[in-house]
Amino acid sequence: MFKTKRYQVLFLLVSILYFRPVLGQIDDPDLNDGQIYDYGKVKTPTPTVGLLYPRESETREVRSLDGIWRFLKSNASDPLRGVREKWFDKSLSKTGFNLIPMPVPASYNDITVDKEMRDHVGTVWYERTFFVPNSWQKDRRTWLRFGSVHYHALVWLNGHLVMNHSIGHLPFEEDISKFVNFGLENRVTVMCDNRLDNHTIPQGQVHNVTTDDGITQIQGYTFDFFNYAGIHRSVYLYTTSLTHIRDIEIKTQISVDGMGRIDYRLWVERVNATNGISLKVRLLDGDGEMVAHQKNREINHGTLLVPNVKPWWPYLMHPQPGYLYTVEFHITQYTPDKEILLDVYRLPVGIRNLSWDNTTFLINDLPIYLRGFGKHEDSDIRGKGLDNPLIARDFNLLKWIGANAYRTSHYPYSEESMQFADEQGILIIDECSAVNIDLFNPQLLANHMSAIEQLIHRDRNHASAIIWSIANEPRSYKKGAEAYFGAIANYTRSIAQGRPLTAAINSDPKLCQLSQFLDIIGFNRYNAWYQNPGRTDMIVKQLEEEAMACHQRFQKPVIMFEYGADTMEGMHSLPAFIWSEDYQVVLLNKHFEVFDKLHALKWFRGEFVWNFADFKTDQSITRVGGNKKGIFTRDRQPKMVAHLLRLRYWTLARKLNNCPLPKDLLTYFKPSLGHDASEL
């Protein structure tokens, strides 16, 4: 946090830390592909503290700053002009440039009809004003919280730099009490930079190219989804007392006799309240009835025991999936005259066991077979912006089709979607944003560790988060990969909060230098699409051999995280031909044949189709309006294959967990009337 306006220092800080491409380091000459580095001196991230999801209570108020903000796109050739000219010091309207209205949360790329806006590389500026009541000033702290800004963000309040953050898809916040004008108008200014380089997570490279209009910059990247940017998730103001609960960590378990246990740890910031402080904890069941409580003068940690606990179960594994308790934390101070309530925070919690070994994966001591999807946060117009109606629709479709899990490919999804998963009993393979990483180096490792630490810190209290995925399709066959991934896996395991590690691998099992460090082997393979396109007669043998090779080499459970085929909605062909809906049906059906063989071997623990829905990508001659591998269209309507997949997933639920089948699952066929053909 900067308390004075040292603009030259600020400009240098911004230039060095955030805008290396502007300084000529578009292609990093110091990186040698395949070089092996010594990672022993790379500092691990400072543990994150705070960032509890904003919830109202007796002592906390929450206000949303979502809505229409003022927006200014920088010139791509001079992205630091706004810093030099101190645009943050006054209203953006004083810059002399035309401002446009911009919704928050949303990606800015598809809001206008301007091609330059869609493809913009560099910085953009957001601004809005708001009032803070005088009542927030006395004995309170005021916090400003962003759910996610992609990718780099600098935030000013009334001209003061109060926050900076890198790595999209993750929240950040700051106590802004010293900079707020209580009872008056306040102005928040955000500079957002979408550029990626060889050290960011994910990686990319900015290139100078010659166009008809001169030299311009383009963002290169190898991942197959559009690099949407902007303020992607909600912005909140909220208050706490001076003495308040800053952070909470929850761990749960269930004993063999049905006793539930919640171990909690609290970080409490104290101001003028060093004596007479105590903690009251109440546990409420799903009906709001208190089932456990305690009063604890040790306010930093404790344990609740829950007799006859109702476990948190995944969808279709129990008649009452996603059962959540609510734990209430009350910080009070006793004086000779009265009891003062200082802070209250309520946290939903699911109580469950999680365990695994070299062949299986168990929830509440029962083996589970994962069936679901790779997904994306992606929708028309809004891009990667938080879209609660879309989240609700997606979870309805997940339940309709009989899925019990999905992977947050290839970055952390919104906190709201994690809350939905907890409530609905949908299991999450929680993936950090290290997609297609290459050119391994110490600075990349430091950023990678930071991305994982922030993800685990944010999601550690979610019962739905069952596995951490540390990467998607990294170049794990390259020289230097073993040292890099050994370091990232060791660090992640040290903070894993009782969850196993996985990654989505597309390297040959014989060459992969990452899988040895994982607890569960995940792999992606597009047989009869990228490999041998059109040859659905070359799926069964090759897929079976690869899955067997993964298990035999690493002796770990195996999950297939990606398989599928691009499919144009409404295109049909008999016999089946690539891009047709008929071909997608045949291709999935061939995979089902292999999955059933592998599942019988016990160590094969799941199947995930790529993708849940069609999504936008960068422009390419191999992408017709984006990636079309979705089982659903981008507007969430089923393709023909969705009905086949629904039949499979529900049949698995029936076979493995004795679930009743939906009444509309099977087509009705009229029984024979007992007549011969001549009578009909």
Inset, instruction - Note the listed values [x] 93, 83, 62; [y] 90, 72, 59; [z] 114, 73, 57, then indicate which one is Cα extents along the principal axes in Å calculated from this particular structure. - result: [y]
Inset, instruction - Take 581, 58 and order them by how many other Cβ atoms sit within 10 Å, fewest up front. - result: 58, 581
Legend entry - Exposure proxy ranking, count of Cβ atoms within 10 Å, fewest first, for 241, 255, 417, 91: 255, 91, 241, 417
Inset, instruction - Can you tell me the dipole magnitude for the chain around its Cα centre, using point charges on the Cβ only (Lys, Arg +1; Asp, Glu -1), in Debye to the nearest 20? - result: 1140 debye
Legend entry - Charge-dipole axis of the chain as Lys and Arg at +1 and Asp and Glu at -1 on Cβ define it, positive-most pick from 448, 67, 143: 143
Inset, instruction - Rank 428, 245, 101 by how far each Cα sits towards the positive end of the charge dipole of the chain (+1 on Lys, Arg Cβ; -1 on Asp, Glu Cβ) and give me just the farthest. - result: 245
Inset, instruction - For the stretch 7-240, just run the numbers: alpha carbon Rg, then divide by 2.2 N^0.38 Å, N being how many residues it has. - result: 1.08
Legend entry - Normalised contact order of the stretch 142-214, rounded percent, pairs of Cα under 8 Å and 6 or more residues apart: 32 percent
Legend entry - Sparse-neighbourhood loop sites, chymotrypsin sites (Phe, Trp or Tyr not before Pro) in the stretch 492-549 - DSSP loop, at most 15 other Cβ within 10 angstrom: 530
Legend entry - For the stretch 367-657, convex hull of alpha carbons as volume per residue, Å³: 131 Å³
Legend entry - Under 23 Å from the Cα of residue 510 - lysines, other chains or at least 8 residues apart: 478, 479, 541, 556, 597, 602
Legend entry - Whole-number percent relative contact order across the stretch 242-349, with pairs defined as alpha carbons under 8 Å at least 6 apart: 27 percent
Inset, instruction - May I ask you to evaluate 6.51 cos²θ - 1.76 cosθ + 1.60, the Karplus curve with θ = phi - 60°, for each residue of the stretch 607-623 and list the ³J(HN,Hα) values in order in whole Hz, giving x for glycine and proline? - result: 9, 10, 6, 10, 9, 4, 8, 4, 8, 7, 10, 5, 5, 7, 6, 9, 10
Legend entry - Order of 477, 37, 406, 649 - criterion: other Cβ atoms within 10 Å of each residue's Cβ, fewest first: 477, 37, 649, 406
Legend entry - DSSP beta bridges in the stretch 367-657 [antiparallel fraction, %, rounded to 5]: 10 percent
Legend entry - Residue among 267, 46, 111 farthest towards the positive dipole end of the chain, charges placed on Cβ: 267
Inset, instruction - Would you mind checking 73/115; 310/375; 375/655; 251/310; 90/384 for any pair whose Cα atoms are more than 21 angstrom apart? - result: 310/375; 375/655; 90/384
Legend entry - Relative contact order (percent, whole number), the chain, Cα cutoff 8 Å, 6+ residue spacing: 12 percent
Inset, instruction - Round to the nearest 0.05 the FRET efficiency obtained for residue 257 and residue 289 when R0 = 25 Å and r is the Cβ-Cβ distance. - result: 0.70
Legend entry - Rounded to the nearest 20 debye, dipole of the stretch 242-349 from Cβ charges on Lys, Arg, Asp, Glu: 140 debye
Inset, instruction - In Å³ and rounded to a whole number, note down the convex hull volume per residue for the Cα atoms of the stretch 242-349. - result: 105 Å³
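We did not get these values from a lab; they are worked out from the coordinates using the rules stated. This one's a predicted model, so the numbers in the text were calculated from it and none came from an experiment. Every residue, glycine as well, gets a Cβ built from its backbone with ideal geometry; the counts of neighbours run over all protein chains shown.
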